[in-house]
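The values are calculated or read from the model by the stated rules, or taken from the named source; none is laboratory data. Keep in mind the model is a prediction, meaning the values are calculated, not measured. Ideal geometry is used to build each Cβ from the backbone, glycine not excepted, and the neighbour counts take in all protein chains shown. Just so you know, the surface numbers come from the protein's heavy atoms only, side chains and all, with ligands and any DNA or RNA stripped out. Shrake-Rupley method; radii C 1.70, N 1.55, O 1.52, S 1.80 Å.
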Amino acid sequence: MRTFAVCMTEPKKSIFQRASEWGVPFGLYLGVAALASIFADKMPVLSLVFWVMLLGVPFLVYYFQRRKFIEDDGFTEHAGLWMMGIMLFILGGMLASLIAYLVLQYMRPSFMYEQAQAVIEAYDKIPQMKDSEMLRVIKRMVDEHLMPAPIEVVFNAYWFITFGGSLLSAITAIVARRTLKKNH
């Protein structure tokens with residue numbers, strides 16, 4: 001039979017354990033944001049959902065870092081919170097990338113061509129853009145089937161998420177430590 005004192009002496013989880021636990025809900029959050037972006041052309045309200053979720057990312061990362069800082073009684077270094085944020089983006093980005101890949105590969109395989117066609121149509125309506133080099137390049141990409149494959153799009157997005165998330169995590173870690181140090 002466990003006593004209360006034994007329960008209180010259980011070791012705290014490392015930043016890596018926390019990042020792996022919190023990476024799943026964070027990845028699902030990023031995955032839903034990706035889905036909103038992918039289907040925004042079919043349902044315009046999803047564009048708003050995507051932007052609201054995107055703006056919520058720093059607050060969510062801050063929330064996780066803050067929880068870890070409190071769990072460690074204020075003794076987590078900036079580097080530890082930053083590393084946890086990086087791991088959140090690496091793990092969460094993997095899950096979101098898997099979701100986006102499956103959708104782009106199997107549900108919306110022509111997504112990139114549809115987007116390129118929408119750009120072409122929009123640029124054709126602007127007299128100054130009708131003869132632009134960018135419009136010629138996009139038309140050529142569509143005509144010659146040179147649009148990136150879903151896996152290429154997803155990998156590029158993943159690297160952007162992890163790099164941008166690393167920078168964002170450094171900032172939110174500073175804020176999380178400063179905010180909580182004032183409260184301790």
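Going by the conditions given, is I161 within 20 Å of the chain's Cα centre (by Cα), open to solvent by 50 Å² or more (accessible area, probe 1.4 Å), at pLDDT 95 or above and under 30 Å from W82 (Cα atoms)? Reasoning before the result, please.
Values: within 20 Å of the chain's Cα centre (by Cα): yes; open to solvent by 50 Å² or more (accessible area, probe 1.4 Å): no; at pLDDT 95 or above: yes; under 30 Å from W82 (Cα atoms): yes.
For I161, the condition - within 20 Å of the chain's Cα centre (by Cα), open to solvent by 50 Å² or more (accessible area, probe 1.4 Å), at pLDDT 95 or above and under 30 Å from W82 (Cα atoms) - is not met.
Take the residues of segment 136-158 that are open to solvent by less than 50 Å² (accessible area, probe 1.4 Å) and under 15 Å from the mean Cα position of the chain (by Cα): which is farthest from D124 (Cα to Cα)? So that I can check it myself, show each step before the final result.
Let us first name the residues in segment 136-158 that are open to solvent by less than 50 Å² (accessible area, probe 1.4 Å), namely 138, 142, 147-150, 153-154, 157-158.
The next check asks that each one be under 15 Å from the mean Cα position of the chain (by Cα); those that pass are 153-154, 157-158.
Details: V153: 25, V154: 28, A157: 28, Y158: 32 Å.
So, considering only residues that are open to solvent by less than 50 Å² (accessible area, probe 1.4 Å) and under 15 Å from the mean Cα position of the chain (by Cα), the one farthest from D124 (Cα to Cα) is Y158.
Of the numbered conditions (1) polar (S, T, N, Q); (2) assigned to a helix (DSSP H, G or I); (3) open to solvent by less than 30 Å² (accessible area, probe 1.4 Å); (4) at pLDDT below 95, Q117 fails exactly one; give the number of that condition.
Single failed check for Q117: (3).
Applying the selection to segment 53-82, what residues are among the aliphatic types (A, V, I, L, M) and either crowded, with 17+ Cβ neighbours inside 10 Å or touching a Cys at 6+ places or on another chain (Cβ under 7 Å) (or both)? Steps first, answer last, please.
Let us first name the residues in segment 53-82 that are among the aliphatic types (A, V, I, L, M), namely 53-55, 57, 60-61, 70, 79, 81.
Once the filter is applied, which keeps residues that are among the aliphatic types (A, V, I, L, M) and either crowded, with 17+ Cβ neighbours inside 10 Å or touching a Cys at 6+ places or on another chain (Cβ under 7 Å) (or both), segment 53-82 yields M53, V57, L60, V61, L81.
Any chance you could count how many residues in segment 21-52 are charged (D, E, K, R) and either surrounded by 20 or more Cβ atoms within 10 Å (Cβ to Cβ) or touching a helix residue (DSSP H, G or I) at 6+ places or on another chain (Cβ under 9 Å) (or both)?
Going through segment 21-52 one residue at a time, the tally reaches 1.
How many residues are in contact with a helix residue (DSSP H, G or I) (Cβ under 7 Å, 6 or more places away or on another chain) and in contact (Cβ under 8 Å) with a residue 60 or more places away in the chain if we restrict to segment 102-136?
Total meeting the criteria: 4.
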